[in-house]
Amino acid sequence: FCCSSGRTICQQAPDSGRGHTRMAKPLVEIASENGIGLVVHHVLKEGRLFKQSRHLRLWRRRKVILTPQYLGTFCEPCDYTRPTEVIKFADVTAATHCDDVGQDTGFCITARGSDFIFLADTPAEKEAWLREIGKAIVRLSALLPHDEADCD
């Protein structure tokens, strides 16, 4: 079972037979894809979105976790050890509205030369995700050292 307690993802232990459940320690495991660590206890935003698959272009419902450095998608809502996608904000070149999907709830994240297309349930939810992604990118860019060639 899963629950969300504030900004901390935690596991809920099964009923001990005494009529109550106990909370386990917050998850601190690191999920990785291609050596990228995703610490899921630093969650800024989480929710369920549709994500278009890269190869077959099928829409799949995914659990989406936004951390200060990454956006991760997961098949299973409570299994944060195997992300289906990890988008590193340092690689993001754009996060924009996506009208190509024929709905007003679509948005696109461009990173590493690929477009990652998502659908929210409502236009307001789409705006909230874009706002939080934009804030995360700005915060991260303020922390990263800038190339001196960019300062000319």
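The values are calculated or read from the model by the stated rules, or taken from the named source; none is laboratory data. Just so it is clear, the structure is predicted and the values come from calculations on it, not from any experiment. When we count neighbours, we look across all protein chains shown, and the Cβ atoms used for this are built from the backbone with ideal geometry, even at glycine. Accessible surface areas use protein heavy atoms only, side chains included; no ligands, DNA or RNA. Shrake-Rupley method; radii C 1.70, N 1.55, O 1.52, S 1.80 Å.
Just to confirm the filter: which trypsin sites (Lys or Arg not before Pro) across region 56-142 are DSSP coil and have at most 16 other Cβ within 10 angstrom of their Cβ?
Passing both the DSSP loop test and the Cβ count: Arg57, Arg112.
With every protein chain left in place and a probe of 1.4 Å, what is the accessible surface of Asp99, to the nearest 10 Å²? Asp99 has an accessible surface of roughly 120 Å² with all protein chains in place.
Taking square-rooted eigenvalues a ≥ b ≥ c of the alpha carbon gyration tensor, is region 45-143 rounded, prolate or oblate, where a/c under 1.5 means rounded and, failing that, a/b exceeding b/c means prolate? Taking the square roots of the gyration eigenvalues as a ≥ b ≥ c, region 45-143 is rounded. Here Ser53 and Asp104 are evaluated by their C-beta separation; at R0 = 22 Å the FRET efficiency comes out at 0.55.
Bridgeable lysines around Lys126 (alpha carbons under 29 Å apart, same-chain partners fewer than 8 residues away excluded): Lys45, Lys51, Lys63, Lys88, Lys135.
Taking label points 7 Å from Cα along the Cα-to-Cβ direction, Leu44 and Ser141 give a separation of 1.3 nm. Approximating the spin labels as points 7 Å out from Cα along Cα→Cβ, the Arg82-to-Arg60 distance works out to 1.1 nm.
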